[in-house]
Amino acid sequence: MSPLFGKPKTLSRNAWLIIGLNALYSIAEALCSVFVGVYFYINSQNINTVFYHYTVLYIVTPFAFILAGWLAKKRDRSFLFRIGLILHALYYASLLFLREASPQYAGLLGGLLGITWGFFWAGNNTFQYDFSAGKGGREFFLGMISAVSAGAKIFAPLISGLVIACAAQPQTGYELIFILALILYMIAIVLSFKIPASPKSTSFPIRLALAPPPEHRDWRILLAAGISLAGSFHIFHFLLALIMFLELGNEAGVGGYVSFQGLVTIMVSYLAGRYVQPHTRKRFMFWGVVVLVLGGLIVFWKTTVWTLIIFGLLRSISLPLYGIPDTAVRFQVMESMMKSPADRIAYLCAWETPLAIGRLLTMSALISLYAFLGGFGLRIMLLLLCLIRVVTYALMCRISIIRNPEGSSERTVYLPE
């Protein structure tokens, strides 16, 4: 093996199945999700409709996560994952059925997507935790998941944008990509039955996970960091697509923009997944922050198609540099506190609460900035989303396994695959 790629690492057959299912999900989402905000906007001509849809989504999601975690006591992780896929299909089927009337139901659709996220990610996050604990290494598995997600964005958004732009009517183009996403979700649902069942959770210590005692200092810091990290989870996704659409006025340009970002992220994710180690996590996170802040300053200085492209490039580099070690640290801290492996879903669900708080605070700031400053308010929001990552990094640096990686040993909790 070439030194560039380091020592080869292996994953189990079931781990590759999870990666494959994530690939199908990512392709379906890359085809449609980036255009949902644009779809609401062109059918309502009101950007506040877009904000309303995502605000309801962020309110509902943490409650859906907790409900899904509680159900894990009766059903296993595969059930949650499969229900999430079914609800994703139902969401896009609803957009197909409602057509131009979709903006009138933006709130209800946001609530449906919130329930969808809760079930899907409760199951998928549990998969990522369980299957990253094997011999292949946590960072390598997370790097592969990130690379697969980015890989889906190389062609899918560009194809969707071209389909919409070339269709006789834009509505026809949107319907075609929604139908294609439905087909992909159906395939993923069928394949999900190949995932072996896992032991049902015998406990769900959600109170302990949400309100940890002082001795669980690292987890308390992670919850605080989640509030500041939340803004870049999905809000960047729809906001950048919306701003690019306002700049270009066509979906093909938006699709190409997202595809370009996916190409950059897949390369960085693969390399980061091989080179990030416990003793290098802090270094990778630092450079992830530096690159993101630099991008924010550039796009704030002047928002044009070219500065947005530069920002997309820098953000795509930053995403895996920061995200892969950040997730690995979170999983390791969870392991250090759990009384049994079955408790993992409670901590995974609890982490969504600070994310929800952060998303709602960010959306409130976004709505206020746009109401008072218009388009300039969107530029300010992009810069703030970048600068707040400095706060997240400062909090993460207080975690013991970041401050002293040599003094901490990663406890591997093996779970049935």
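Here are some notes:
- Single residue of segment 342-375 satisfying the filter (surrounded by fewer than 19 Cβ atoms within 10 Å (Cβ to Cβ) and touching a Leu at 6+ places or on another chain (Cβ under 8 Å)) that is nearest to ILE243 (Cα to Cα): GLY375
- Any hit, segment 240-256, residues being part of a helix (DSSP H, G or I) and closer than 17 Å to LEU387 by Cα: yes
- Verdict on GLY161 being buried (at least 22 other Cβ atoms within 10 Å of the Cβ) and under 30 Å from SER340 (Cβ atoms): no
Conditions tested, residue by residue: (1) in a helix (DSSP H, G or I); (2) modelled with pLDDT under 90.
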{"residue": "LEU355", "(1), (2)": "yes, yes"}
{"residue": "SER368", "(1), (2)": "yes, no"}
{"residue": "LEU387", "(1), (2)": "yes, no"}
{"residue": "THR392", "(1), (2)": "yes, no"}
{"residue": "ARG398", "(1), (2)": "no, no"}
{"residue": "THR412", "(1), (2)": "no, yes"}
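- Boolean, LYS74 is closer than 26 Å to MET267 by Cβ, out of contact with any His (no Cβ under 9 Å at 6 or more places or on another chain), surrounded by fewer than 19 Cβ atoms within 10 Å (Cβ to Cβ) and modelled with pLDDT under 85: no
- Hey, ALA89 under 24 Å from GLY262 (Cα atoms), small (Gly, Ala, Ser) and modelled with pLDDT under 90 or not: no
- Test result for LEU292, in contact with a Ser or Thr (Cβ under 8 Å, 6 or more places away or on another chain), within 26 Å of VAL50 (Cβ to Cβ) and at pLDDT 90 or above: yes
- Set PHE372, PHE331: member being of a type in the set (Phe, Trp, Tyr), part of a helix (DSSP H, G or I) and out of contact with any helix residue (DSSP H, G or I) (no Cβ under 8 Å at 6 or more places or on another chain): PHE372
- Residue selected from segment 241-269 under the condition among the hydroxyl-bearing types (Ser, Thr, Tyr) and under 17 Å from the mean Cα position of the chain (by Cα), by the criterion farthest from THR307 (Cα to Cα): SER269
- Tabulated pairs, segment 240-252, first over 16 Å from ILE164 (Cα atoms), second basic (Lys, Arg), C-beta under 9 angstrom, 6+ apart or interchain: LEU240/ARG315; ILE243/ARG379
- For segment 160-182, the tally of residues that are β-branched (Val, Ile, Thr) and closer than 16 Å to LEU98 by Cβ stands at 3.
- All positions within segment 22-45 that are of a type in the set (Val, Ile, Thr) and over 17 Å from ASN250 (Cβ atoms): ILE27
- Some residue of segment 168-175 being in contact (Cβ under 8 Å) with a residue 24 or more places away in the chain and crowded, with 24+ Cβ neighbours inside 10 Å: yes
- For segment 298-345, filtered to residues that are among the small types (Gly, Ala, Ser) and at pLDDT below 85, the residue that is nearest to LEU222 (Cα to Cα) is SER336.
Residue-wise test of (1) buried (at least 17 other Cβ atoms within 10 Å of the Cβ); (2) of a type outside the set (D, E, K, R); (3) in contact (Cβ under 8 Å) with a residue 60 or more places away in the chain; (4) under 20 Å from PHE238 (Cβ atoms).
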| site | (1), (2), (3), (4) |
| --- | --- |
| PRO278 | yes, yes, yes, no |
| PHE286 | no, yes, yes, no |
| VAL291 | yes, yes, no, no |
| ILE298 | yes, yes, no, no |
| LEU308 | yes, yes, yes, yes |
| GLY312 | yes, yes, yes, yes |
| ARG315 | yes, no, yes, yes |
| ILE324 | yes, yes, yes, no |
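- The lone criterion from (1) touching a Pro at 6+ places or on another chain (Cβ under 9 Å); (2) under 28 Å from SER33 (Cα atoms); (3) among the basic types (Lys, Arg) left unmet by ARG315 is number (1).
- With respect to being at pLDDT below 90 and more than 29 Å from TYR257 (Cα to Cα), ARG82 falls outside the description.
- Test result for ARG398, in contact (Cβ under 8 Å) with a residue 60 or more places away in the chain, closer than 30 Å to GLU247 by Cβ and of a type in the set (Lys, Arg): no
The values are calculated or read from the model by the stated rules, or taken from the named source; none is laboratory data. Because the structure is predicted, anything quoted here is derived from the model rather than measured. FYI the Cβ positions are ideal-geometry reconstructions off the backbone, even for glycines, and counts take in every protein chain you see.
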